[in-house]
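The values are calculated or read from the model by the stated rules, or taken from the named source; none is laboratory data. Here the structure is a predicted model, which means the values were calculated and not measured. So basically every Cβ, Gly included, is an ideal-geometry build from the backbone, and we count neighbours across all protein chains shown. Ligands, DNA and RNA are stripped out before the accessible areas are found, and what is left, the full protein with its side chains, is counted by its heavy atoms. Shrake-Rupley method; radii C 1.70, N 1.55, O 1.52, S 1.80 Å.
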Amino acid sequence: MRKKTAIKMSKCLDDISSGIEMIGNFKDNKYVVSKVERMFKENLLKLDSEMDDIGKEQVEALKEAIKSVDAIETNRLISEINTFISKNIVYKVVFMPYKASMWDSLESIWMAADKDERCEALVVPITYYELDNNENPKKKVNERNLFPEYVNAVNDEEYDLENDLPDIIYIHNPYDNTNLVTRVDSRYYSWNLKKYCEKLVYVPYGKWVDGVSLPSFMIGMYNSDYAIQSSDNAVEKYSGMVNAYAECFGIETVEARKILKHKFVNLGSPKVDKVLSLNKENTVLPKNWEGKVLKSRVNVLYNTTLEEVLNARNLDKIRETLNFFKDNSSNAFAIWRPHPLMRQTLISMLPNLLKEYDELMEEFCNEDYGIIDTNIDMYYAIFWSDMCYGFNNSSLNEIYKYTGKIVLQDFPKMAKITSNISKEDLLKKLKNTNVVTEPECSLPDVVNVISDNIELKIGKKLNLENSGEKINNYMIDIIKKI
């Protein structure tokens, strides 16, 4: 039974216990006895309606004890039934992602909740809008049909949030009405969701990079009761944003500091869980990649981010990189994965680059030196590539490190890079660490060294505790104490 039902049932049992005591004290008062007996009847009917077969047997025994006005036996049975109720509480856990490509930030938590007998887990992909450059909605989108078949996704328009009142809601969108590119329906703003659940939990769809990532004030993160992080460094940085939090909510800094101390907790990242689970059986080579992604050359996952383009305000680095693959197609092959919101972002924020971007994309697609990774799931590219090339602030780059394969961190402000390290030293470096950076190392040199040393294509995965299970257990323990 749901927790809210369990609370009602426990209230019924408390009333019965008080009633038995009252009858013992006023057994000669017919008015009191009659009133208490009506109360017994009402509460026993409520208990009957909610109990399963085992519980009903206990309720029947309770009825007999009440008839006999046996206070000792009644209270013993009440204690037993309360124990039964507490052991049979099921917590409603609802996941509300908005983009299917970002589902990996929640998936392993859902998997843990879905197999947890204490939970009833439900996935409700929520509606969002694509915006024009004036922030006006131009297209209504729901990606429910793009989620994996094994996910029990339901229609958000049919889900009665206001009456279901879940115990926990998980979200990965922290922007509410502040996103300039896409925006969820106002019904799903964090402040509104918080009204209908015991705990609202935010899990970032990006992976924090120690020493690189910086905290940013996002209203959904701070409206949430808990904001899961994957690093002690992230917890420290976000917990330190006391003044911003206090100003936003109009509270004293002392109170803000107290709230933030408990809001942020390092429980790992579901995205890492996903990387560690990849194999040939669950990540089958896409059919349109067959005959293209070959073992005979170095397959490079080329990851381009919004931040590097917005910072550069040009596409020079992208053009230079694609030219490298074009000129070295016998040795290198690009699996190009632009950020899924790249084109939409250019429309909204850098419309002057849209024509050039479309031309680059068209030229690339018409040639044979690479493929565009259009899969919603980025893990096909992660698993089938031999190395990753992209910006060091990228979440994809960060989780790629957990494959043990080589990561070359892009320096986006320089279009042309010449290594300032010898190939011999580069080989030694790659054998000692799987992460190297520009401008010390160039893409051509890293590709050449990997090509000559194919053992570098084989990554070593880490044996880590499952973050989804940690997060699920942590939140259920919190809910149980309420």
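Using r as the Cβ-Cβ distance of Asn279 and Cys365, and R0 as 41 Å, what FRET efficiency do you calculate, to the nearest 0.05? Walk me through the intermediate numbers first.
On the way: r = 29 Å, r/R0 = 0.72.
After rounding, the FRET efficiency stands at 0.90.
Quick check for me: using +1 on Lys/Arg Cβ and -1 on Asp/Glu Cβ, what's the dipole size of the chain about its Cα centre, in debye to the nearest 20? Walk me through the numbers before you get to the answer.
Values: 63 positive and 74 negative charges, 123 e Å.
Rounded to the nearest 20 debye, it is 580 debye.
Calculate how many DSSP beta bridges within the range 290-447 are antiparallel, expressed in % of all such bridges and rounded to the nearest 5. Can you show the working numbers first?
Numbers: 0 of 22 bridges.
Bridges in the range 290-447 are about 0 percent antiparallel.
Net charge within 11 Å of Lys457 by Cβ-Cβ distance, Lys/Arg positive one each and Asp/Glu negative one each, not counting Lys457 itself? Each step should come with its number before you reach the end.
Working: positive: Lys295, Arg297, Lys405; negative: Asp386, Glu455.
Here the count lands on +1.
Cross-link list Lys237/Lys258; Lys416/Lys460; Lys92/Lys207; Lys115/Lys261; Lys326/Lys423; Lys401/Lys423: which exceed 20 angstrom alpha carbon to alpha carbon?
Working: Lys237/Lys258 15 Å; Lys416/Lys460 31 Å; Lys92/Lys207 27 Å; Lys115/Lys261 31 Å; Lys326/Lys423 22 Å; Lys401/Lys423 22 Å.
The pairs that break the limit, which is 20 Å between Cα atoms, are Lys416/Lys460; Lys92/Lys207; Lys115/Lys261; Lys326/Lys423; Lys401/Lys423.
Just in the range 426-482: which trypsin sites (Lys or Arg not before Pro) are loop by DSSP and have at most 11 other Cβ atoms within 10 Å? Don't jump to the answer; show the numbers that get you there.
On the way: sites: Lys428, Lys429, Lys431, Lys457, Lys460, Lys461, Lys470, Lys480, Lys481; in loops: Lys460, Lys461.
Counting only loop positions with at most 11 other Cβ atoms within 10 Å, the trypsin sites (Lys or Arg not before Pro) in the range 426-482 are Lys460.
Any idea what the relative contact order of the range 239-363 is, in percent, if you count C-alpha pairs under 8 Å spaced at least 6 apart? Intermediate values should be presented prior to the final figure.
Details: 79 pairs, mean separation 26.3, N = 125.
With pairs under 8 Å counted, the relative contact order is 21 percent.
Mind checking which aspartates and glutamates have their Cα closer than 14 Å to the Cα of Lys35? Skip sequence neighbours fewer than 8 apart in that chain.
In chain and number order, the partners are Asp15, Glu21.
Heavy atoms only, probe 1.4 Å: what % of the accessible area of the range 266-361 goes to carbon and sulfur, would you let me know? Spell out each step's value before the answer.
Details: 2090 of 4230 Å².
So the carbon and sulfur contribution to the accessible surface is 49 percent.
Summing Lys, Arg as +1 and Asp, Glu as -1, what charge do residues with Cβ under 13 Å from the Cβ of Lys355 carry, Lys355 excluded?
Values: positive: Arg343; negative: Glu356, Asp358, Glu359, Glu362, Glu363.
Taking every Cβ under 13 Å from that of Lys355, the sum is -4.
Could you grab the relative contact order for the range 1-82? Cα pairs under 8 Å, six or more apart, rounded to a whole percent.
Working: 55 pairs, mean separation 28.3, N = 82.
Relative contact order here is 35 percent.
Taking all protein chains in place and a 1.4 Å probe, what share, in percent, of the accessible surface of the range 23-108 do carbon and sulfur account for? Numbers along the way, then the final one.
Working: 2400 of 4610 Å².
It is 52 percent, rounded to a whole number.
Computing the accessible area with a 1.4 Å probe over protein heavy atoms, can you report the carbon and sulfur percentage for the range 161-205? Write out the running numbers ahead of the final one.
On the way: 730 of 1570 Å².
Of the solvent-accessible surface of the range 161-205, carbon and sulfur hold 47 percent.
Give me the angle, in degrees from 0 to 90, between the Cα long axis of helix 443-452 and the longest principal axis of the Cα atoms of the chain, rounded to the nearest 10.
Relative to the chain, helix 443-452 is tipped by roughly 90 degrees.
Over all pairs of distinct alpha carbons, what does the Kirkwood formula give as the hydrodynamic radius of the chain, in Å?
On the way: mean 1/r = 0.0387 Å⁻¹.
Hydrodynamic radius (Kirkwood, Cα pairs) of the chain is 25.8 Å.
In Å², what does the accessible area per residue of the range 201-261 work out to with a 1.4 Å probe? Walk me through the intermediate numbers first.
Details: 2910 Å² over 61 residues.
Value returned for the range 201-261: 48 Å² of accessible area per residue.
Express the accessible area of the range 41-101 per residue in Å², computed with a 1.4 Å probe while the remaining protein chains stay in the model. Provide the component values of the computation, followed by the final result.
On the way: 3100 Å² over 61 residues.
That works out to 51 Å² per residue.
If the cut-off is 14 Å between C-alpha atoms, which aspartates and glutamates fall inside it for Lys140, apart from same-chain ones fewer than 8 positions away?
Glu130, Asp132, Asp156, Glu157, Asp185
Given contacts defined as C-alpha pairs under 8 Å and at least six residues apart, what's the relative contact order of the chain, whole-number percent? Please report the intermediate quantities before stating the final value.
Details: 784 pairs, mean separation 61.1, N = 482.
Computed over the chain, the figure is 13 percent.
Which shape class, rounded, prolate or oblate, goes with the range 197-279 when its Cα gyration tensor gives a ≥ b ≥ c as root eigenvalues, a/c under 1.5 marks rounded, and past that a/b bigger than b/c marks prolate?
Details: a/c = 2.59, a/b = 1.80, b/c = 1.44.
Prolate is the answer for the range 197-279, as a/c is 1.5 or above and a/b outweighs b/c.
At 0.36 nm per residue, and after removing the present C-alpha to C-alpha distance, how many nm does the segment from Leu146 to Lys115 gain when stretched out fully?
Details: separation 31, 0.36 × 31 = 11.16 nm, distance 2.25 nm.
Using 0.36 nm per residue and subtracting the Cα-Cα distance, I get 8.9 nm.
If R0 is 51 Å, what FRET efficiency do you get for Lys481 and Asn432 from their C-beta distance, rounded to 0.05? Could the numbers behind the result be given before it?
Working: r = 46 Å, r/R0 = 0.91.
Working from the Cβ atoms, E equals 0.65.
Give me the extension gain from Glu424 to Asp327: residue separation times 0.36 nm, minus the current Cα-Cα distance, reported in nm with one decimal. The partial results should precede the final answer.
Details: separation 97, 0.36 × 97 = 34.92 nm, distance 2.39 nm.
The Glu424-Asp327 span can extend by a further 32.5 nm.
What size of dipole, in debye to the nearest 20, comes out for the range 194-302 about its Cα centre when the only charges are +1 on Lys and Arg C-beta atoms and -1 on Asp and Glu C-beta atoms? All intermediate terms of the calculation are to be shown ahead of the outcome.
Values: 16 positive and 11 negative charges, 109 e Å.
Roughly 520 debye for the range 194-302.
Would you calculate, for the chain, the mean residue ellipticity at 222 nm contributed by helices, counting each DSSP H stretch of 4 or more residues as -39,500 (n - 2.57) and dividing by all residues, to the nearest 500?
Working: 21 runs with 220 residues, N = 482.
It comes out at -13500 deg cm²/dmol, rounded to the nearest 500.
Accessible area per residue of the range 411-455 at 1.4 Å probe, in Å²?
Details: 2570 Å² over 45 residues.
Normalised by residue count, the accessible surface of the range 411-455 is 57 Å².
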